[in-house]
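Asks: Sharing a structure below in structure tokens format, with a few things to ask.
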Amino acid sequence: MAALVIAEHSNAALDDATAKAVTAAIQISSPVHVLVAGSNCQGAADAAAKLSGVEKILVADDARYAHCLAEPMAELILSLAANYDAILAPATANGKNILPRVAAKLDVPQISEIIEVKSPDVFRRPIYAGNAIQTVEAKGFKKIITVRISAFAPVAMNGNAAVEKIAASADPGLSRFVGENLSRSERPELTSAKIIISGGRGLQSKENFALIERIADRLGAAVGASRAAVDAGFVPNDRQVGQTGKVVAPELYIAVGISGAIQHLAGMKDSKIIVAINKDEGAPIFTIADYGLVADLFEALPEFEKALGV
Amino acid sequence: MKVLVPVKRVIDFNVAVRVKADRSGVDLANVKMSINPFDEIAVEEAIRLKEKGKVTEIIAVSIGPAGATETIRTALAMGADRGILVKHEGEIEPLAVAKILKAVATEEQAGLVILGKQAIDDDCNQTGQMLAALLGWPQGTFAAKLEIGDGEIQVTREVDGGLQTLALKLPAIVTTDLRLNEPRYASLPNIMKARKKPIAEKSAGDYGVDPAPRLKVLEVTEPQKRRSGAKVGSATELVAHLRGVGVI
């Protein structure tokens, strides 16, 4: 049979999360097809055609897919489902929103946020915020899977897949897009950044986050935050790293003024190198840090910035 | 309008979980259990809608062992009106839960179901979306704000990169994110009052649902442990180390 990957994209461009989900799909079934559903999404479709290891790109370009609403998206995926023995999506807000709807209509379970494909039927996934890892077998039915993107490397972008336009399917007309408020940033996205520098309650104010942002800009890093910093209103909630926010695994994660609550660690402990800067020597974050600096962040951050400049 | 709020009994979020030595699962014996935090937010939101006069009755439903009665009592003490316990021992997957909830929502003629976006034990994040699919209703997942209008509900959702607002035709499904509200503490008089509120007892079979899991759990293991590394003396030294290993 074959695997279908639901692309994450912005219509104009393809999100890196798609290339990571393709890596998982290749290990489960072949050939691999990618569905790009959007509105004026030629840019994303062209980029998807370069995904290495993908045979075909299906493009559904219609206004009803402009905002990736779950109801019409699920109908579209269901109209294609018979051709595939596995349907995957990256575990982004969209993937998590849409795919269980598809699974329920197909009367099959979903396997959420896999971190490893042990065999085409056996997957590993974190439970209890990553404090335990479950190995599950899915045999005898269509596999519906979301893929934790921090756990898979992206495929190369040197492929040449065929691009096929497909018709839009029915829109159940149950929901309507009203508006959105997306934070625009010149910095990289948290989930694809190679370096992340995050601040916690220790920053004490919104204004003090500038200390972190200046270093982020020097390093080309994304800015993250702990739940405490988000709840205190220092930064918008889409910056939150943790069990209930973004799960990240960059090359370098710098935690500043973050004590290291279980829920935060669950979101970043798979980072390659972890640095912690905290004045409390007993902070749990130090137990998982490769490099720890016990210091007042208001002295350490300016010194860090200066050291970068030499 | 009646609101249905499903509540799940899970290991308390402050408890460090232990994997069983035989790798069959997580040790639940003698561990503090609580209402799933996202479900608590769902209960709170339902109560606020009732206080605003948008909702007439709140029904808390739990699918689980006898102990889940306590979870329902928690919701009743906060302000839910009555409970339904669908008794079930052992694992049950989101799809089976959604099938039971579909039957309950239909029987109760609920106009809105508010669920937690995920349970903090299996971290599936599926039940609300599955229930919406089975009922053929629209869904507003990861809600940060709700507003009930005429025949529709506006849901502001937490999405990657910010917030998105949708209008859903009622009846609808909403799943809660963290910042939707801050749940209240139940007062002592309300805890006493909750003891008198009715809880109906049912089984999966009463709703014609087969609760047997379809996925086979082969093992549950500890995650790979990270070791703590070196302490450095200054930020300058730190930068030198990071340059040394080539990450900056």
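Asks: Of A:LYS194/A:LYS246; A:LYS20/B:LYS225; B:LYS20/B:LYS225; B:LYS52/B:LYS99, which pairs sit farther than 20 Å apart, going by alpha carbon to alpha carbon?
Replies: Pairs exceeding the cut-off: A:LYS20/B:LYS225; B:LYS52/B:LYS99.
Asks: Taking N as the number of residues in the stretch A:75-157, what is its alpha-carbon radius of gyration divided by 2.2 N^0.38 Å? Write out the running numbers ahead of the final one.
Replies: Details: Rg = 12.8 Å, N = 83, 2.2 N^0.38 = 11.8 Å.
That ratio works out to 1.08.
Asks: In addition: Name the residues of the stretch A:127-144 whose accessible area falls by at least 20 Å² when all protein chains are present instead of the chain alone, probe 1.4 Å?
Replies: Residues passing the criterion (a loss of at least 20 Å², heavy atoms only) are A:ILE127, A:TYR128, A:ASN131, A:ALA132, A:ILE133, A:GLN134, A:THR135, A:VAL136, A:GLU137, A:PHE141.
Asks: Another question, if that's okay. What total accessible surface area, summed over both chains, is buried at the interface between chains B and A, computed with a 1.4 Å probe and given in Å² to the nearest 100? Mind dumping the intermediate values first?
Replies: On the way: alone 14350 and 14680 Å², together 22370 Å².
Protein heavy atoms only, the B-A interface buries about 6700 Å².
Asks: Related question: Averaging over all projection directions, find the projected area of the Cα convex hull of the protein assembly as shown and quote it in nm² with one decimal place.
Replies: Here the figure is 25.0 nm², rounded to one decimal.
Asks: Please report the spacing between the Cα centers of the stretch A:259-293 and the stretch A:74-110 in Å, no decimals.
Replies: 36 Å
Asks: For the stretch B:123-131, what does the Karplus curve 6.51 cos²θ - 1.76 cosθ + 1.60, with θ = phi - 60°, yield as ³J(HN,Hα) per residue in whole Hz, taken in order and with x for Gly and Pro?
Replies: Ordered by residue, 3J(HN,Hα) equals 6, 6, 6, 9, 4, x, 5, 5, 5 Hz.
Asks: What is the Cα radius of gyration of the stretch A:134-196 over 2.2 N^0.38 Å, N being its residue count?
Replies: Details: Rg = 18.6 Å, N = 63, 2.2 N^0.38 = 10.6 Å.
Here the answer is 1.75, to two decimals.
Asks: On average, how much accessible surface per residue is there in the stretch A:131-236, in Å², for a 1.4 Å probe, leaving out ligands, DNA and RNA?
Replies: Spelled out: the 1.4 Å probe surface of the stretch A:131-236, per residue, equals 49 Å².
Asks: Which three numbers, in whole Å and largest first, are the semi-axes of the equivalent ellipsoid of chain A derived from its Cα gyration tensor as √(5λ)?
Replies: Semi-axis lengths for chain A are 37, 21, 18 Å.
Asks: Additional query: What is the set of long-range amide H partners of B:THR141 at a cut-off below 5 Å, with H atoms built 1.01 Å from backbone N?
Replies: B:THR175
Asks: Ordered by residue, what ³J(HN,Hα) values in Hz, to whole numbers, does the stretch B:175-191 give under the Karplus form 6.51 cos²θ - 1.76 cosθ + 1.60, where θ = phi - 60° and Gly and Pro are x?
Replies: Per-residue couplings from phi come out as 10, 8, 9, 4, 8, 5, 6, 10, x, 7, 8, 6, 7, 4, x, 5, 5 Hz.
Asks: With angles folded into 0 to 90 degrees, how steeply does helix B:37-51 sit against the dominant principal axis of chain B? Use alpha carbons for both and round to 10.
Replies: Once rounded, one gets 40 degrees.
Asks: In addition: Semi-axes of the equivalent ellipsoid for chain B, please: Cα gyration tensor eigenvalues, times 5, square-rooted, ordered largest first, whole Å. Provide the component values of the computation, followed by the final result.
Replies: Details: eigenvalues 251, 117, 72 Å².
In descending order the semi-axes read 35, 24, 19 Å.
Asks: With the other protein chains left in place, how much accessible area per residue, in square angstrom, belongs to the stretch B:2-244 at a 1.4 angstrom probe? Before the final figure, lay out the partial values.
Replies: Working: 10660 Å² over 243 residues.
About 44 Å² of surface per residue is accessible.
Asks: For the stretch A:3-165, build the charge dipole from Cβ charges (+1 Lys, Arg; -1 Asp, Glu) around the Cα centre, then report which of A:ASN131, A:LEU78, A:ALA153 sits farthest towards its positive end.
Replies: A:ASN131
Asks: Rounded to a whole number, what % of the accessible area of chain A do carbon and sulfur atoms account for, probe 1.4 Å?
Replies: Solvent-exposed carbon and sulfur of chain A make up 48 percent of the total.
Asks: Considering chain B as a Gaussian network with a 10 Å cut-off on Cα pairs, which listed residue, B:ILE120, B:ILE35, B:ILE148, attains the greatest mean-square fluctuation?
Replies: So, out of B:ILE120, B:ILE35, B:ILE148, the one fluctuating most is B:ILE148.
Asks: Okay, next question. Under unit Cβ charges (Lys, Arg +1; Asp, Glu -1), what dipole magnitude, rounded to 20 debye, does the stretch B:129-248 have relative to its Cα centre?
Replies: Charge dipole, the stretch B:129-248, about its Cα centre: 540 debye, nearest 20.
Asks: Would you work out what percent of the accessible area of chain B, with all protein chains in place, is carbon or sulfur (probe 1.4 Å)?
Replies: 50 percent
Asks: Hand me the trypsin sites (Lys or Arg not before Pro) from the stretch B:1-68 located in a DSSP loop with no more than 12 other Cβ atoms within 10 Å, in residue order please.
Replies: Hits after loop and neighbour filter: B:LYS32, B:LYS52.
Asks: Who wins for biggest fluctuation among A:ASN83, A:ASN278, A:ASN94 in a Gaussian network model of chain A, springs between alpha carbons below 10 Å?
Replies: Comparing A:ASN83, A:ASN278, A:ASN94 in a Gaussian network model of chain A, the most mobile one is A:ASN83.
The values are calculated or read from the model by the stated rules, or taken from the named source; none is laboratory data. Just so it is clear, the model here is predicted, and its values are computed rather than measured. Every residue, glycine among them, receives a Cβ derived from its backbone with ideal geometry; neighbour counts consider all protein chains shown. Surface accessibility is based on the protein's heavy atoms, side chains included, excluding ligands, DNA and RNA. Shrake-Rupley method; radii C 1.70, N 1.55, O 1.52, S 1.80 Å.
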